[in-house]
There are 2 protein chains.
Amino acid sequence: MAVNIKDVARKANVSISTVSRVINDSKPVSDEIKKRVFDIIEETGYVPNPVARSLVMKKSRLIGIIVPDIANYYTGELLNAFEEIAKTYDYEVILCNTYGDFQQELRYLKLLESKQVEGMIFLSFKWDEAHQAFFERCNLPVVLVNRAAVNDRVFTVSIDHGKAVYEMTSEMIKRGHRELMLIRNGETEDVFGTEQLEGFRRALEEHGLPFRPEWVANGHYQANDAYDAVAALLKAGQRPTAIVTTTDDMAVGAINCLVDNGISVPGEVSVTGFYDTTLATLYRPKLTTVQHPIYDIGAIAIRMLIKKIDGQEIEEKHVRLPHGMVFRESSR
Amino acid sequence: MAVNIKDVARKANVSISTVSRVINDSKPVSDEIKKRVFDIIEETGYVPNPVARSLVMKKSRLIGIIVPDIANYYTGELLNAFEEIAKTYDYEVILCNTYGDFQQELRYLKLLESKQVEGMIFLSFKWDEAHQAFFERCNLPVVLVNRAAVNDRVFTVSIDHGKAVYEMTSEMIKRGHRELMLIRNGETEDVFGTEQLEGFRRALEEHGLPFRPEWVANGHYQANDAYDAVAALLKAGQRPTAIVTTTDDMAVGAINCLVDNGISVPGEVSVTGFYDTTLATLYRPKLTTVQHPIYDIGAIAIRMLIKKIDGQEIEEKHVRLPHGMVFRESSR
DNA sequence: TTGTAAGCGTTATCAG
DNA sequence: CTGATAACGCTTACAA
């Protein structure tokens, strides 16, 4: 049977309040007694019961993480960051996978609330009134990762998607491309998808290139989406010379389709990715892609959350991290 | 302020024990009172406090998961399964990422114990005395995923790695290959690495082919390991016609090295993977690989654990799931 | 069938 | 500085 505070108190010949004081360093205790208590703790291997502690403090030291899919590099890397930083602050993360299902999300929100999490990190595709209402009611801190800001009630951290697409598109144009296609994240509710589109359009405009709506496809992060989009374009007899995508997976899907149709990459068509995941260097040709500080985004998100939980004021409620670009073999 | 059992009791004009009885359905309560209580619960939105419940029941309904790295498809898919099934049984999983570090593992073991987890799932590379001693002492159920059985104190679930390698190797031999290389998981403590080697050796023997130790490389799951191993062999002027690997990533690494050296795959050399991750179909040439029921392994592991936690007897302590083989473009 | 009361292992208030 | 003691929200004998 595990030893508890009472046992320690008895063996050390002090009251339990004293023991509590020494383990929490909450009030002055004489050095002599402190040592006696520490010795007993050492000897018995006593560890305070976090459940009892939670009950009285009304704090669970739990953080809820809601993600649409765990099985990919991007989410995994984020989780690495959440987990690692949270531990540092003595918080535990509990994981909820929604498979992108809206109802599931709502269910998990309630579940997490009942589990007394002290805050949440949200990685879902959309953010709508139901979410908003929920957080309004339960008054829990939330931070959204790679979702656009809706208001100051929720915090966000991401890169500037519009700028990233703008820069990558401009770079392709500078390198001589005139026929460009965009495959973006096309959830209509996804504000970043819109941002991405705007970035693309702006790059074209600034270089005096025409914007053709039919050369914009809406993907959902997956390789297949891009494959199909490119296939459709090809079938319609159209052929861009550069394809800008917003996911490494989609870039690979696009390239696969091109190659399957006998079109060489980057010989005839250049393709760019997004995020710079492991896939970008594993795949051949290696991907030219937007470098996304995934781990850092995760680290900042969880730090913001914990800061807020601890009652500190957050000055910068919507953080935007800088991104980079790597030019590898998939573009010319 | 959240409503508690007392509030419900008062509003329903019953004692708190009665409320407890109706929410847990633990003892008979008259239909009339039951209805009254349910109405109040509905009205107030009361949710029992799981922390208080844990304290008295001495159960946390928490399961600890220890993994060496979250950011890959394999772990992610496993986590999907853990998370999903655990929720079904009203358990929460808490995640610990060790980056493969042994000391970190030990630290997490203690942490999880102090958090009162009721069981653990372990995905670490090795299993040694320190682990064994820990579980011996704290008497917590554990299940090891894709690690070999050490004894009956810990449960395991995996596929038969020896058989998988044996079959894939045999198949390559049947297809005419006589010069085969193996890149396996080479942690010396990794019993499956040994099993894999044995399977390879047995396939060669049964077909009267010589076993050359220098054509066996030890990787650590990563593409780079395989890349380097193949590069070394090539440098030594050796060239197999088929390379069997035990990871899709390693297969890709091997192919990349071959191609970088002007050797065509599968034209001149065939390469096979393991696990059938998303990479296997994203990459070109698409990978011939061993199909590994990742999600199922995770599902069985977490079910075994929960069963054990609930005090049920586990008849089959070391489960081996069947695997498959897919032949795609990376082999001839 | 229902209620009373004793914990569960802590922290925190209030005397001394 | 130290020690009783009352919470925290719930389950569960034990009584009624």
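The values are calculated or read from the model by the stated rules, or taken from the named source; none is laboratory data. Fair warning: this is a prediction, and the values are worked out from it, not measured in the lab. Note that we place each Cβ from the backbone using ideal geometry, even for glycine, and neighbour counts take in every protein chain shown.
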Out of the residues in the stretch A:20-55 that are part of a helix (DSSP H, G or I) and exposed (fewer than 10 other Cβ atoms within 10 Å of the Cβ), state the one that is nearest to the other protein chains (Cβ to nearest Cβ). A:E42
Test result for A:V67, within 13 Å of another protein chain (Cβ to nearest Cβ), at pLDDT 90 or above and more than 15 Å from DNA strand D (Cβ to nearest atom): yes
Within the stretch A:1-19, take every residue that is part of a loop (DSSP other than H, G, I, E, B) and more than 44 Å from the chain's Cα centre (by Cα) and give me the one that is farthest from DNA strand C (Cβ to nearest atom). A:N13
Just one listed residue, out of A:V230, A:V252, is crowded, with 23+ Cβ neighbours inside 10 Å and away from chain B (no Cβ under 14 Å), and it is A:V230
Residue ID - farthest from A:D249 (Cα to Cα), chosen from residues in the stretch A:197-218 that are of a type in the set (G, A, S) and surrounded by 15 or more Cβ atoms within 10 Å (Cβ to Cβ): A:A203
Within the stretch B:76-88, identify whether any single residue is touching a helix residue (DSSP H, G or I) at 6+ places or on another chain (Cβ under 6 Å), over 16 Å from A:A86 (Cα atoms), within 8 Å of another protein chain (Cβ to nearest Cβ) and crowded, with 17+ Cβ neighbours inside 10 Å, and answer yes or no. yes
Determine which member of the set B:G64, B:G119, B:G100 is under 23 Å from A:S114 (Cα atoms) and touching a Pro at 6+ places or on another chain (Cβ under 9 Å). B:G119
Checked A:N151, A:N185, A:N139 against criteria (out of contact with any strand residue (DSSP E or B) (no Cβ under 6 Å at 6 or more places or on another chain), of a type in the set (S, T, N, Q) and within 30 Å of A:G208 (Cα to Cα)); the one match is A:N185
Consider B:A231 carefully, then state whether it is touching a residue at least 12 places away in the same chain (Cβ under 8 Å) and within 29 Å of the chain's Cα centre (by Cα). no
Subset of the stretch A:89-113 that is part of a loop (DSSP other than H, G, I, E, B) and under 20 Å from B:A81 (Cα atoms) - its residue that is nearest to the other protein chains (Cβ to nearest Cβ): A:Y99
Criterion first (within 14 Å of the chain's Cα centre (by Cα) and either within 8 Å of chain A (Cβ to nearest Cβ) or modelled with pLDDT of 85 or more (or both)) does B:I121 satisfy it? yes
Which condition does B:V216 not pass, out of (1) over 30 Å from B:A149 (Cα atoms); (2) in contact with a Leu (Cβ under 6 Å, 6 or more places away or on another chain), if it passes all the others? (1)
Hey, A:E198 touching a residue at least 12 places away in the same chain (Cβ under 8 Å) and either acidic (D, E) or part of a strand (DSSP E or B) (or both) or not: yes
For the condition within 12 Å of DNA strand D (Cβ to nearest atom) and in contact with a helix residue (DSSP H, G or I) (Cβ under 6 Å, 6 or more places away or on another chain), what is the one hit in B:V56, B:V3? B:V3
Report yes if some residue within the stretch B:296-318 is within 22 Å of the chain's Cα centre (by Cα), closer than 25 Å to A:M250 by Cα and hydrophobic (A, V, I, L, M, F, W, C); otherwise report no. no
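Scan the stretch B:211-236 for residues that are of a type outside the set (S, T, N, Q) and assigned to a strand (DSSP E or B) and jot them down.
If the condition is that a residue be of a type outside the set (S, T, N, Q) and assigned to a strand (DSSP E or B), then B:V216, B:A217, B:G219 are the ones that fit.
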Going by the conditions given, is A:G298 surrounded by fewer than 18 Cβ atoms within 10 Å (Cβ to Cβ), farther than 18 Å from A:Y166 by Cα and touching a residue at least 12 places away in the same chain (Cβ under 8 Å)? no
